[in-house]
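The values are calculated or read from the model by the stated rules, or taken from the named source; none is laboratory data. None of these values were measured; they are calculated from a predicted model. Here the Cβ is made from the backbone with ideal geometry for all residues, glycine too, and neighbour counts use every protein chain on show.
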Amino acid sequence: MQVSGQTADAIDPIRLSALLVGMAEDALAGLKTAQADVQNDPEYARFVTDAECVLNLARFYRTKLEAATEKGLYDEAGDAQHYDRMLQLDTESVSHYAALAQLATQAYRHATDLGYYYRWDVPGKGFEEEAAF
């Protein structure tokens, strides 16, 4: 992995996040394929919803990592292409989070056990404001 002209012997977070997205896509595809054999089982439907949420979350984090990398490249080189790509990726990450929030809000009461004030849409609004800067 190389950042700011320096190399590090570490796991590349973008490659790792792409791997996790691929794994989430495979898991969801497998569940949907098997779903025909499990008709009208509400518990199985919840597994599918969970897998869809995991996939949206993985896509969200992957695009956020890519956007952060583009920001670093822009800061380093001043190349407007990196800036434009950062904005595109940041906007894409917001859409992934919105998809997650929509699914999760229907499936789960709260995003955490901390209480009602922490709903799925609360951080989504912050991500939208960040993308609109």
* Structure fact -> Output for Cβ contacts, cut-off 7 Å, separation at least six or different chains, first residue modelled with pLDDT of 95 or more in region 1-26, second assigned to a helix (DSSP H, G or I) and not hydrophobic (A, V, I, L, M, F, W, C), reads Ser17/Tyr61; Ser17/Arg62; Ala18/Arg62; Val21/Arg59; Val21/Arg62
* **Residue pairs meeting the criteria (Cβ under 8 Å; at least 6 apart or on separate chains; first under 22 Å from Glu130 (Cα atoms), in region 94-115; second modelled with pLDDT of 70 or more and small (Gly, Ala, Ser))** => Val94/Gly124; Val94/Ala131; Tyr97/Gly124; Ala98/Gly124; Ala101/Gly124; Ala111/Ala104
* To do: Could you grab me the full set of residues in region 59-75 that are buried (at least 21 other Cβ atoms within 10 Å of the Cβ) and under 8 Å from the mean Cα position of the chain (by Cα)?
  => Arg59, Phe60, Arg62, Thr63
* How do the pairs read when you match residues in region 72-85 that are farther than 18 Å from Ala131 by Cβ with residues anywhere that are surrounded by 12 or more Cβ atoms within 10 Å (Cβ to Cβ) and at pLDDT 95 or above, using Cβ under 6 Å and keeping only pairs 6 or more apart or on different chains? -> Leu73/His82
* Tell me, yes or no, whether region 83-92 has at least one residue that is in a loop (DSSP other than H, G, I, E, B) and under 28 Å from Thr33 (Cβ atoms). => no
